[in-house]
Amino acid sequence: MSKKSSFLVPAARLLSLAGLALLAACERPPVTSVQHGYAGTGMVQVYNPRAVEQQAASNEVPEAAPPASADGPKAGQVYQNVKVLGDLSVGQFTRLMANMTTWIAPEQGCAYCHNPANFADDSKYTKVVARKMVEMTQHINTDWKNHVGQTGVTCFTCHRGNPVPKEIWFTADNAPKGANFIGDTAGQNKPAKTVGLSSLPNDPFTPFLLGKEEIRVNGNTALPTGNRQSIKQAEWTYGLMMHMSASLGVNCTYCHNTRNVATWEGGPPQRVTAWHGIRMARDLNLSYLEPLTEVFPAHRKGELGDVAKLNCATCHQGAYKPLYGTGMLKDHPELGRDTTLAETAPVKAAKAALQASAAAPAAKR
C-alpha cells in the first residue's frame, strides 16, 4: 500500500466517525408515516414512536368514578352559595367536586378552592375562578361542537393534575424600555419557544387569540386597492402556524393542501376544525379569562398585568387530539349540558364567517 493510500484510510475512518457523531444528534429511525392525501401530494404525517411513547403518560385518562344517582335533594337546596350546578343531585354534585379535586389540585385538596371552615365562602380567588371555568367548560361543550365534537372537554383536559395548566400564555412586552429608539419590534429576533426559536414575532397570540387580526399571508386584492396585508401580519401568521404545528405534534399538511396552502379547495377537514379552534380560543379568552383580571392576584398575572390565557397547546399538549381523542365527557355529562345562555355572539359570527368562506373559497386565497 502506498503512503498516500495509508493516509487516506485513517482519514476516511475519521470522517466516518465524525459523520456518526453528527447522526447521533439526529432523530433515528424507524418512524411511522400516515398518508391522508393523494399519493404524490406530500400530504403525510410523520410520527416518531419513541416521542409518542414519551407523551403517552401525560395523556392517560384517569379512571372514571361510578356514576351518582340523580335522585334525592338538589345541591342548591342543601348547600349554600351554589351558583352553578345547583340542579345536580347532592350525589352528582359531590362526585364532580371530588373529581375536580383530583383533576386540578390532587396535592392541595379541597382547601385549594374552599375555606375549610366555611365551604360557602367566596373569599378565595381560586373558588371564583373555578366557578367561571365550569361555566366555560359547559360553553365549550355546548356551543363549540364544531371544534370539540362529541368528545368534548373536562377540567382534566387542560389541568391534568396541575392547579395551573401546563400551557398558558401572557401578552408579551414587545417594546421594552431601552429599545424604544427603534420602535415596536414585535418581539422579533428574540428566540422564543412559542415560535420554534425562530426570528418571528414571539407573541402570535395577542393579535389572533385576543384580537381579530386577519390570519393571512397574501393580500386578496391588488395594490393599491385596499390591500393592507403587511410583512408583520404574515410573520404573525407564520408564528401562529408554528405554534399550532408544535401544539398538535403535526406538520403543515395536517391542515393544508400542499398544492396551494392558502386555498380551502381540496384541503383536509382538519383545517375547518382548526378554523373553529382559533375562534373558540379567542371567544374563551375574551369572554371568560379576561373578565377575571381583577379576581386574580398580582403574582398570578403576567409582566403587563394580564391574566393567563389559553391557546392550542393548553388542551392539545403535543397530541393531534387532546388525550389522543379519549373522551371523558360521557362520564361527566353535567359539564356538557346546554347552558342557560343563548349562543354567544362570537359563536354566531364564527358560523356566519365559515358559511361565507364555504360559499366563496376563492376569497381565501
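Looking at the range 57-68 only, could you name the residues that are surrounded by 11 or more Cβ atoms within 10 Å (Cβ to Cβ) and either out of contact with any Leu (no Cβ under 7 Å at 6 or more places or on another chain) or at pLDDT below 85 (or both)?
To start, the set of residues in the range 57-68 that are surrounded by 11 or more Cβ atoms within 10 Å (Cβ to Cβ) comprises 58-62, 64-65, 67-68.
S58, E60, P62, A64, A65, P67, A68 - these are the residues of the range 57-68 that are surrounded by 11 or more Cβ atoms within 10 Å (Cβ to Cβ) and either out of contact with any Leu (no Cβ under 7 Å at 6 or more places or on another chain) or at pLDDT below 85 (or both).
Residues in the range 314-331 that are at pLDDT 95 or above and in contact with an Asp or Glu (Cβ under 7 Å, 6 or more places away or on another chain): T314 only.
Residue by residue, here is whether (1) outside any helix (DSSP H, G or I); (2) closer than 30 Å to R131 by Cα; (3) out of contact with any Asp or Glu (no Cβ under 7 Å at 6 or more places or on another chain) holds:
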{"site": "N202", "(1), (2), (3)": "yes, no, yes"}
{"site": "N218", "(1), (2), (3)": "yes, no, yes"}
{"site": "G239", "(1), (2), (3)": "no, no, yes"}
{"site": "H243", "(1), (2), (3)": "no, yes, yes"}
{"site": "T253", "(1), (2), (3)": "no, no, yes"}
{"site": "W275", "(1), (2), (3)": "no, yes, yes"}
{"site": "S287", "(1), (2), (3)": "no, yes, yes"}
{"site": "E294", "(1), (2), (3)": "yes, yes, yes"}
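Taking the numbered list (1) in a loop (DSSP other than H, G, I, E, B); (2) under 16 Å from the mean Cα position of the chain (by Cα) in turn, L323 passes all entries but (1).
When you scan the range 184-200, do you find a residue that is surrounded by 17 or more Cβ atoms within 10 Å (Cβ to Cβ), assigned to a helix (DSSP H, G or I) and small (G, A, S), even just one? No, every residue in the range 184-200 fails to be surrounded by 17 or more Cβ atoms within 10 Å (Cβ to Cβ), assigned to a helix (DSSP H, G or I) and small (G, A, S).
Going by what's in this entry, would Q92 be described as over 30 Å from Y324 (Cα atoms) and among the polar types (S, T, N, Q)? So Q92 fails the test. In the set (1) more than 13 Å from the chain's Cα centre (by Cα); (2) part of a helix (DSSP H, G or I), the condition left unmet by W264 is number (2).
Taking every residue in the range 246-259 that is in contact (Cβ under 8 Å) with a residue 60 or more places away in the chain and pairing it with any residue that is in a loop (DSSP other than H, G, I, E, B) and aromatic (F, W, Y), at least 6 positions away or on another chain, the pairs with Cβ-Cβ distances below 8 Å are L248/Y320; G249/Y320; V250/Y320; Y254/Y320. In this structure, does Q55 turn out to be in contact with a Ser or Thr (Cβ under 9 Å, 6 or more places away or on another chain) and assigned to a helix (DSSP H, G or I)? No, not satisfied.
The values are calculated or read from the model by the stated rules, or taken from the named source; none is laboratory data. All figures in this text were calculated on a predicted structure; none of them were measured in a lab. A quick note on method: Cβ atoms are made from the backbone with ideal geometry, for glycine too, and the neighbour counts reach across all protein chains shown.
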